[in-house]
Amino acid sequence: MALYSAKVMDHFRNPRNVGVIEDADGVGEVGNAKCGDIMKFYIKVDDDVVTDIKFETFGCGSAIASASMATELIKGQPVEKVLELTNKAVVEALDGLPPHKIHCSVLAEEVIKAALKDYYDRHGIAYDPALFPDDHDCESCEL
Amino acid sequence: MRYIYADNGATTRMSDTAVQAMLPFLQGTYGNPSSLHSVGQAAAEALVKARETVARCLHADPKEITFTSGGSEADNQAILTAAALGKKKGKTHVISTAIEHHAVLHTLKKLEKEGFTVTLLPVEPGTGLVTPEQVAAAITDATCLVSVMLANNEIGTIEPVKEIAALCREKKILTHTDAVQAVGHIPVDVKDLGVDFLALSGHKFHGPKGVGALYTRRGILLQSLIEGGAQERGKRAGTENLPAIAGMAAALEESVKNLDANMAATAKVRDRLIAGLEGIEHGVLNGARENRLPGNVNFCFEGIEGESILLLLDDRGIAASSGSACTSGSLDPSHVLLAIGRPHEIAHGSVRLSIDETVTEDDADYIVEQLSEVVSYLRGMSPVWRDLVNGKSPFITK
């Protein structure tokens, strides 16, 4: 389908890092079923490096592809670099998304941050709350 | 790999008959039906014949047929005409249903802005049926029009338009029916239905795109939407799209001729699909079981999203559609699925298979097998499904 780039279709058809980490150090979930998109990320962190990551997604092709690409961009990266990951980087790595699908990449950025915040909370690590945006709301999908 | 086109509700492949019927008017008889010379008059004759054919197929009089650019234009023109006629008599109330096509719903929105009051009747949960009793109860002294679709485009439910039209006629209220999904697929007889307006679209029954027709009962003065020349008895300006009109007439004639055989064959495959897909756990059939278009199958599957299903089905050679928000470009899933009581959560996970007579029982088995695999696969990566299975949230479907 010409709706999506070859890279989006590749990540949709062969998503990387699908699954669950039972003893995750951090878990993040954003979106809601009412909107039609939910992403859930599980991360393992060792020495401030994201050593393992798995995801689950309820959503459209670009939601699955965005989540898959995000896990690839994060895996093996130091936490401070992971915090810098933007939805734009996910879009670029996927060779673009249609305008009405950009919100999928926003979810990917938000879910990473949610997982890291959970990691910090669980491990009693202090952080700047400004790093983490408010919970995702449906309105932001329209931007 | 086989390719099964199961999206005939969106559009159909043109029949050979329809293609052949169009060809003479592209180069040979290319004249303008309004011209006096022979090539123009030959075109004018063909236009007369096409109108007679369409009228005959609907049991209408040729004078009652106006060619349009499609079903949407026909719906617009019917509703706006009835509204204008009503307004002259001080009647500004219109009754319709919550599951109409946007060509109807958005036209009604326009009327509301102009001061009309619109009652959208709710439909029966699950089936999407409206009853004549609901219509009767909604009628007021100000009601000028009742518009109820003959068959729903998403869930295939066939509405009791004949009974509704009968009670409206008694009260001298005009009736319109959007029959875009019905014409060529189930028997449609305007006299038997008793409606005042009926809209149809050529490309839904193996005719060309960009052409449709509006039946307007004799005696009703149609209001023009497009000003210009005197084509279509002054009710629709613009040079007639004769190739498309001829193609549509031929396609309709063929569909009506083969209607019984096609309905029987298609319904058999439809029922096989429904029976097979009911084997998938936590799914639900959308629409009526009995009063249903012979080619329509529509299911919601819990815990997954429709666009992903469609992309994976396409990879497996199956073309289908969905009422999910992601496929519509809006935030909300199909208004039809919401109106039949499906919560957002499962409305996103809908699949519509709209088949024609070329889809076989073997194809149906293949679709069931592939769709079952796709549903399981997507559920395997869905956090929503995990929560349902682990009892963290309750299942909506059985």
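Worth a mention:
- Selection count, the stretch B:123-160, where residues are under 22 Å from residue B:92 (Cα atoms) and either assigned by TED's automatic domain parsing to the domain that holds residue B:347 or surrounded by fewer than 21 Cβ atoms within 10 Å (Cβ to Cβ) (or both): 10
- Considering the stretch B:150-164, the residues that are within 20 Å of residue B:333 (Cα to Cα) and in a loop (DSSP other than H, G, I, E, B) include one that is nearest to the chain's Cα centre (by Cα), namely B:153.
- Of the listed requirements (1) under 17 Å from the mean Cα position of the chain (by Cα); (2) more than 20 Å from residue B:246 (Cα to Cα), residue B:205 misses just one: (2).
- A single member of B:143, B:177, B:157 is of a type in the set (S, T, N, Q) and farther than 27 Å from residue B:320 by Cβ, and it is B:143.
- Qualifying positions in the stretch B:305-319 - facing another protein chain (nearest Cβ under 7 Å) and touching a Gly at 6+ places or on another chain (Cβ under 7 Å): B:305, B:307, B:308, B:311
- Residue in the stretch A:85-94 that is within 14 Å of chain B (Cβ to nearest Cβ), crowded, with 24+ Cβ neighbours inside 10 Å and closer than 21 Å to residue A:10 by Cα present: no
- When residue A:21 is tested against (1) in contact with a Ser or Thr (Cβ under 8 Å, 6 or more places away or on another chain); (2) farther than 21 Å from residue B:333 by Cβ, exactly one condition is not met: (1).
- Failed criterion for residue B:332 (all others in (1) modelled with pLDDT of 95 or more; (2) over 19 Å from the mean Cα position of the chain (by Cα) hold): (1)
- Within the stretch B:21-32, residues that are assigned to a loop (DSSP other than H, G, I, E, B) reach partners that are among the charged types (D, E, K, R) with beta carbons closer than 9 Å, at six or more positions or on different chains, in the pairs B:29/B:45; B:32/B:240.
- Residues located in the stretch A:80-132, provided they are touching a Ser or Thr at 6+ places or on another chain (Cβ under 8 Å) and of a type outside the set (A, V, I, L, M, F, W, C): A:87, A:88, A:95, A:96, A:98, A:101, A:103, A:105, A:109
- Restricting the stretch B:357-398 to residues that are within 14 Å of chain A (Cβ to nearest Cβ) and of a type in the set (Val, Ile, Thr), the residue that is surrounded by the most Cβ atoms within 10 Å (Cβ to Cβ): B:384
- Counting only helices (runs of 4 or more DSSP H) that fall entirely inside the stretch A:35-133 and contain at least 3 residues that are of a type outside the set (Asp, Glu) and under 17 Å from residue A:16 (Cβ atoms), the qualifying elements are A:61-74, A:87-93, A:102-123.
- Qualifying residue in the stretch B:51-59 (condition: farther than 21 Å from residue B:193 by Cα and modelled with pLDDT of 95 or more): no
The values are calculated or read from the model by the stated rules, or taken from the named source; none is laboratory data. Fair warning: this is a prediction, and the values are worked out from it, not measured in the lab. Positions of Cβ are generated from backbone atoms using ideal geometry, with glycine treated the same way; all protein chains shown enter the neighbour counts.
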